[in-house]
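Accompanying notes for the structure given below.
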Amino acid sequence: VQGEAEVEAAIEEVEPLPPVVPHPDPRGFRRELTPTWLHAATLLGGHRPPDLSRPFRAAYLGCGNGQTPAVVAAVHPECEIWAWDFRLNQVEATRRLRDAAELDNLVVHERRGLPADLGSDRLCDVIVVAGVLDVVNDDLRAQVIEAVGSNLRPGGVLCVTYRTTVGWVEIAPVQRLMRYVAQRDTGDPEGVVDRVLDLLADLQEGGAGYIVHRPVVAAWLAEEVFGGDPAAVMTEYLADDMRPISHAQLVEWLDPFGLAYVGSARLTDDLDLDVNDELKEMIDAAPSPLVREAYRDIAVRRATRADVFRLGGERLSSIQSNEYLSALKLSGEHPPDRDSIGLRVLLDAGAIDPMSVLPHAPNAQVRADRLSAAISESIVVAADIGSAR
Amino acid sequence: MTADWSDGYVVDVPYIEPLTPELCPARLSMAAVLHNQPPIPDSHTIQWIDVGSGSGLSACMVAAANPRISVWGFDFNPTHVERAREIANGAALDNCTFVEASFAAVASDRDLGPSDADVIVVHGVHSWVSPVNQRQITEIIRQRLRPGGLAYVMYETATGWSSMVPIAEALRLHAIADGRRSDHAFEEAARDVLRLAEARARYFPIGDPESLQFQLLTERNSSYAAHEYLGSHFRPVMFDELATIMDSKACVYAGSVDASDHIAGVWSPPELTDLLAHTTDLLLRQMLQDLVVQRQLRQDLYRRGLAAPTPDAQRKWMRHLAVVGLGKEYVDGSALTLPIGQVRVDDEFYRPLVDRLTETTLSLADIEAERSGMTLGDAATALGFLVEAGFAAPLVNGWETGSAVSSARRLNELLIAENLRGGDHRALVAPATGAAIESEYVEMLTLGALWSGTPDDVGAITSHVLEQLTRQERLVRENGVLIENVEEARIVVERRVRRALDRAQGAFVQLGIC
């Protein structure tokens, strides 16, 4: 039995944990943003999934380089996929991909601004808002939320990805300084990243408190900025504002439209696998769902989230849930218990995939192959899983 | 916690009642001059507006110490406005008016209060209200600040508070789930959130300035903490955010009200001095400075249109700057806390200056003449140190000639009377400074006893103070430790009474309090 002094000594000797460096979400294809995946995520979150057994409409607000909407359009020829981004270069990239893969069901909105009807009077079954709400100004943010709220079909699902306050709030002042300097730089555009990095290096060497004495900021600078690809520094940190948001803020914005939180599109996020017993106990005992999510983010310093919402919260009874889960088709070897932690882990790890609910059209694989060839990265578009590997 | 009409601001517990000397015209005037701008003119009745005046105590301080100034306070919270009027009426201050009005109402109705203000202050508001209300506030400044007028905006900065944002949100969400009144709900929430760190949540460790705030969560006055953390819109901001908006309202950053703001060397370690000195972009330099020292709050001074005075005019304004002593004793070898850390100052230079302040006021010209070879800039540095270290405060020229002494006395008597009924005021209005100075409970009660006719006798006043402490079930605290032993408490109180009596016959006379 240890005495008090020994316990105190032991506490003092506890090594500080290394800082959790925030990383932005990848820019390419993301299978957790496909309708097939979101259908499974909604179901595993205990809610009635959207009806994807018939031709559906999906909208991508923040289409990025277009790979995710293009994959969805390629493997679901009978569905209408609509894409928009506030970044003009991303709109252009998506259009080029669509043209290269001849995806006639992918509509890329090229005019400036976000149309209130998302390009159609037909409602959407799935809407994905990726990397938008944590960047744009208050007015555009309100427009996006209004467009989502008024274009989603009752029972439809929404997935919002964003950089969290927990992950990025300490980074934001440095990023703001970087962007301020880059925007006013009058030198050769090729050298702007170097000049921004030089300033940061000077501050670091001179002992600037915010940069030197904050473990997360120092580690992020070393790993992401000084140790990162200059092109990525430009894209991720100099091109746009950084306005990280929290889960609670998002819920507050979406709640007036009847959008209810289902769970994370990253299926293991809700399992708290990376936290110790004491934190797990606190998360479980949190006095409200919003506090629980806040504690979860703080517990692991979660940098990004992919939150799934359903228009009209409808939790399934255990009987209904079992019926749906047994009907859920999965590729590859998987545990028999569809509600198990193991299943979520395997899905998240990419070992298995949910299969497309909509029977794939005869020309789907041809289109998928064409898109695979058009995307100059190592992904293979697969019609059977309504996604890509 | 918050109500439908509160727009996310905590309204179920009143805000604490700080007295903020930085809001007073003399302090703002000094800051303007030290940044090469003209002082606030004394050629007409100054219109001074406090936007978001809270319980009005600071506005009343300005009104009492500056009877020739017309003071206006706007606040959307009826509880605050009622309290502000109670203080103003209690001290018979006829030069201040409090109006219950939202920021939107003030921005849309120019008939509410003066339309041609000389000074607009926004203290403890900007980092805690919604972006919509922030825009309304800057619009009020645009509409009402006359050309050449000064706007003071205090806010918490991201460089010293960013890590507290997720923690504040967790506290707020916890308090909402709790459902009790904010101050009670805060205490429970703080205990729970502190456990996250103890349980090694990966969000920790956070920045040093925030770590200190975090560790103090459960020790804070819970009413204060509820306002600090439980509002829906708590968001520290960066300097350039506000400066850019103010610029769009034709208000230019003139400098900070911090007394050491004009002293370049205290804002960076030597290794970064050149970098900052060669940064010609004013906004960038301030952002860099804030990152270097992890600045927690800013007290920025904006001017509606920057003046371009001649060097002669600048020198004239500088030489007219003067300070009055606050009665603080100089201790050789003690360090001054500045943005870059603890700094030792030259005892041989500063001790005589502080000693002189016990006898007389000092102008910048006096300080300049103190040592041969000293420049006006050197003297301004010395003056900044004297104010920053609490030895002196800017002097209001001609304060003796008006009714400031009597109006300040009325407000001080009211504060002391409230302390006798359980209040917790820790400041006295000092007409010579046009503001308030820090005071402590025993000192205020000593003064109250003298003013109510108790003989100038240490024993009698000590007994009187101890009686009040006992009646209010308050304990004396010495160096942060509660003194529970009655005899020890008497010794401590007696010592403080002696000191208070000394100050009443010395510094307080010079300050116009007695």
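Restricting to the stretch B:351-389, count the residues that are in a helix (DSSP H, G or I) and over 20 Å from residue B:506 (Cα atoms). Write out each step before concluding.
Here is the first cut: in the stretch B:351-389, the ones in a helix (DSSP H, G or I) are B:351-357, B:364-368, B:376-388.
In the following step, the residues that additionally are over 20 Å from residue B:506 (Cα atoms) were identified as B:364-368, B:376-385, B:388.
Here the count works out to 16.
In the stretch A:204-235, what residues are of a type in the set (Phe, Trp, Tyr) and open to solvent by 10 Å² or more (accessible area, probe 1.4 Å)?
Applying the first criterion (of a type in the set (Phe, Trp, Tyr)) to the stretch A:204-235 yields A:210, A:220, A:226.
Matches in the stretch A:204-235: A:226 only.
Answer with yes or no whether residue A:143 is under 16 Å from residue A:234 (Cα atoms), within 23 Å of the chain's Cα centre (by Cα) and either more than 14 Å from chain B (Cβ to nearest Cβ) or touching a residue at least 60 places away in the same chain (Cβ under 8 Å) (or both). Let's see the steps before the verdict.
Working: under 16 Å from residue A:234 (Cα atoms): no; within 23 Å of the chain's Cα centre (by Cα): yes; either more than 14 Å from chain B (Cβ to nearest Cβ) or touching a residue at least 60 places away in the same chain (Cβ under 8 Å) (or both): yes.
It is false that residue A:143 is under 16 Å from residue A:234 (Cα atoms), within 23 Å of the chain's Cα centre (by Cα) and either more than 14 Å from chain B (Cβ to nearest Cβ) or touching a residue at least 60 places away in the same chain (Cβ under 8 Å) (or both).
Quick one: how many residues across the stretch B:258-273 are at the interface with another protein chain (Cβ under 9 Å from one of its Cβ atoms) and out of contact with any helix residue (DSSP H, G or I) (no Cβ under 8 Å at 6 or more places or on another chain)?
The number of residues fulfilling the criteria is 1.
Just give me the residues in the stretch B:208-221 being of a type in the set (Ser, Thr, Tyr) and within 12 Å of chain A (Cβ to nearest Cβ), in sequence order.
Going residue by residue through the stretch B:208-221, those that are of a type in the set (Ser, Thr, Tyr) are B:211, B:218.
Across the stretch B:208-221, the qualifying residue is only B:211.
Which residues, taken from the stretch A:333-389, are acidic (Asp, Glu), in a loop (DSSP other than H, G, I, E, B) and out of contact with any strand residue (DSSP E or B) (no Cβ under 8 Å at 6 or more places or on another chain)? Break it down stepwise before answering.
Step one: of the stretch A:333-389, the residues acidic (Asp, Glu) are A:333, A:337, A:339, A:348, A:353, A:369, A:377, A:384.
Add one more test, that the residue is in a loop (DSSP other than H, G, I, E, B), and what stays is A:333, A:337, A:339, A:353, A:377, A:384.
Within the stretch A:333-389, A:333, A:337, A:339, A:377, A:384 qualify.
Restricting to the stretch B:281-297, count the residues that are over 23 Å from the mean Cα position of the chain (by Cα) and more than 11 Å from chain A (Cβ to nearest Cβ). Explain how you work it out, then say what you get.
Keep residues of the stretch B:281-297 that are over 23 Å from the mean Cα position of the chain (by Cα), which gives B:281-285, B:288, B:292.
From the residues that got through so far, the ones that are more than 11 Å from chain A (Cβ to nearest Cβ) too are B:282, B:285.
Residues flagged as over 23 Å from the mean Cα position of the chain (by Cα) and more than 11 Å from chain A (Cβ to nearest Cβ) within the stretch B:281-297 amount to 2.
Can you tell me which residue is nearest to residue A:19 (Cα to Cα) among those in the stretch A:236-257 that are surrounded by 18 or more Cβ atoms within 10 Å (Cβ to Cβ) and among the small types (Gly, Ala, Ser)?
A:246
Against the definition (under 29 Å from residue A:151 (Cα atoms) and among the basic types (Lys, Arg)), how does residue A:280 come out, yes or no? Before you say what the answer is, go through the steps one by one.
On the way: under 29 Å from residue A:151 (Cα atoms): no; among the basic types (Lys, Arg): yes.
So residue A:280 fails the test.
Pick out the one residue from B:224, B:253 that is open to solvent by 10 Å² or more (accessible area, probe 1.4 Å), away from chain A (no Cβ under 12 Å), at pLDDT 90 or above and within 20 Å of the chain's Cα centre (by Cα).
On the way: B:224 fails: at pLDDT 90 or above.
Within the list B:224, B:253, the selection yields B:253.
Return yes when residue B:240 is of a type in the set (Asp, Glu), under 20 Å from residue B:150 (Cα atoms) and more than 14 Å from every other protein chain (Cβ to nearest Cβ) and no when it is not. First the steps, then the outcome.
Values: of a type in the set (Asp, Glu): yes; under 20 Å from residue B:150 (Cα atoms): yes; more than 14 Å from every other protein chain (Cβ to nearest Cβ): no.
Judged against the criteria, residue B:240 is not a match.
Evaluate the following for residue A:174: is it away from chain B (no Cβ under 14 Å), modelled with pLDDT of 95 or more and open to solvent by less than 40 Å² (accessible area, probe 1.4 Å)? If you could, list the steps in order and put the result at the bottom.
Working: away from chain B (no Cβ under 14 Å): no; modelled with pLDDT of 95 or more: yes; open to solvent by less than 40 Å² (accessible area, probe 1.4 Å): yes.
In short, no.
Tell me which of these residue A:371 doesn't satisfy, since it passes every other one: (1) open to solvent by less than 30 Å² (accessible area, probe 1.4 Å); (2) more than 14 Å from chain B (Cβ to nearest Cβ); (3) closer than 21 Å to residue A:262 by Cα.
(3)
For the stretch A:149-159, does any single residue satisfy the condition of being farther than 23 Å from residue A:56 by Cα, touching an Asp or Glu at 6+ places or on another chain (Cβ under 8 Å) and not in a strand (DSSP E or B)? Talk me through it step by step, then tell me what you get.
Initially, the stretch A:149-159 is screened for residues farther than 23 Å from residue A:56 by Cα, giving none.
No, the stretch A:149-159 has no match at all.
Please list, ordered by residue number, the helices (runs of 4 or more DSSP H) wholly in the stretch A:220-332 having 1 or more residues that are more than 14 Å from every other protein chain (Cβ to nearest Cβ) and either farther than 18 Å from residue A:166 by Cα or modelled with pLDDT under 95 (or both). Before the answer, list the steps.
Values: elements: A:230-233, A:247-254, A:277-284, A:289-300, A:318-327.
Correct list: A:230-233, A:247-254, A:318-327.
Restricting to the stretch A:180-194, give me the number of residues that are open to solvent by 40 Å² or more (accessible area, probe 1.4 Å), under 23 Å from residue B:158 (Cβ atoms) and either more than 10 Å from chain B (Cβ to nearest Cβ) or in contact with a helix residue (DSSP H, G or I) (Cβ under 7 Å, 6 or more places away or on another chain) (or both).
Residues in the stretch A:180-194 being open to solvent by 40 Å² or more (accessible area, probe 1.4 Å), under 23 Å from residue B:158 (Cβ atoms) and either more than 10 Å from chain B (Cβ to nearest Cβ) or in contact with a helix residue (DSSP H, G or I) (Cβ under 7 Å, 6 or more places away or on another chain) (or both): 2 in total.
Rundown of residues vs (1) in contact (Cβ under 8 Å) with a residue 12 or more places away in the chain; (2) more than 8 Å from chain A (Cβ to nearest Cβ); (3) open to solvent by less than 50 Å² (accessible area, probe 1.4 Å), yes/no style:
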| site | (1), (2), (3) |
| --- | --- |
| B:175 | yes, yes, yes |
| B:181 | yes, yes, no |
| B:186 | yes, yes, yes |
| B:191 | yes, yes, no |
| B:196 | yes, no, yes |
| B:206 | yes, no, yes |
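Within the stretch B:153-172, can one find any residue that is crowded, with 22+ Cβ neighbours inside 10 Å, out of contact with any His (no Cβ under 9 Å at 6 or more places or on another chain) and away from every other protein chain (no Cβ under 11 Å)?
Within the stretch B:153-172, not a single residue is crowded, with 22+ Cβ neighbours inside 10 Å, out of contact with any His (no Cβ under 9 Å at 6 or more places or on another chain) and away from every other protein chain (no Cβ under 11 Å).
Take the residues of the stretch B:303-328 that are part of a loop (DSSP other than H, G, I, E, B) and without any contact (Cβ under 8 Å) to a residue 24 or more places away in the chain: which is most open to solvent (accessible area, probe 1.4 Å)? Steps first, answer last, please.
So in the stretch B:303-328, the residues part of a loop (DSSP other than H, G, I, E, B) come out as B:305-310, B:321, B:326-328.
The next check asks that each one be without any contact (Cβ under 8 Å) to a residue 24 or more places away in the chain; those that pass are B:308, B:310.
Details: B:308: 99, B:310: 79 Å².
Of everything passing the filter in the stretch B:303-328, B:308 is most open to solvent (accessible area, probe 1.4 Å).
In the stretch A:91-118, what residues are buried (at least 18 other Cβ atoms within 10 Å of the Cβ), assigned to a loop (DSSP other than H, G, I, E, B) and touching a residue at least 40 places away in the same chain (Cβ under 8 Å)?
A:103, A:114, A:118
Would you mind stating whether residue A:65 is free of Cβ contacts under 8 Å to residues at least 24 places away in the same chain and under 23 Å from residue A:376 (Cβ atoms)?
The answer is no for residue A:65.
Please state which of the following conditions residue A:201 fails to meet, knowing it meets all the rest: (1) within 13 Å of chain B (Cβ to nearest Cβ); (2) surrounded by 14 or more Cβ atoms within 10 Å (Cβ to Cβ); (3) assigned to a loop (DSSP other than H, G, I, E, B).
Going through the list (1) within 13 Å of chain B (Cβ to nearest Cβ); (2) surrounded by 14 or more Cβ atoms within 10 Å (Cβ to Cβ); (3) assigned to a loop (DSSP other than H, G, I, E, B), residue A:201 breaks only (3).
The values are calculated or read from the model by the stated rules, or taken from the named source; none is laboratory data. All figures in this text were calculated on a predicted structure; none of them were measured in a lab. Here Cβ is always computed from backbone atoms with ideal geometry, including for glycine, and neighbour counts include all displayed protein chains. We work out accessible area using only protein heavy atoms, side chains counted, and drop any ligands, DNA or RNA first. Shrake-Rupley method; radii C 1.70, N 1.55, O 1.52, S 1.80 Å.
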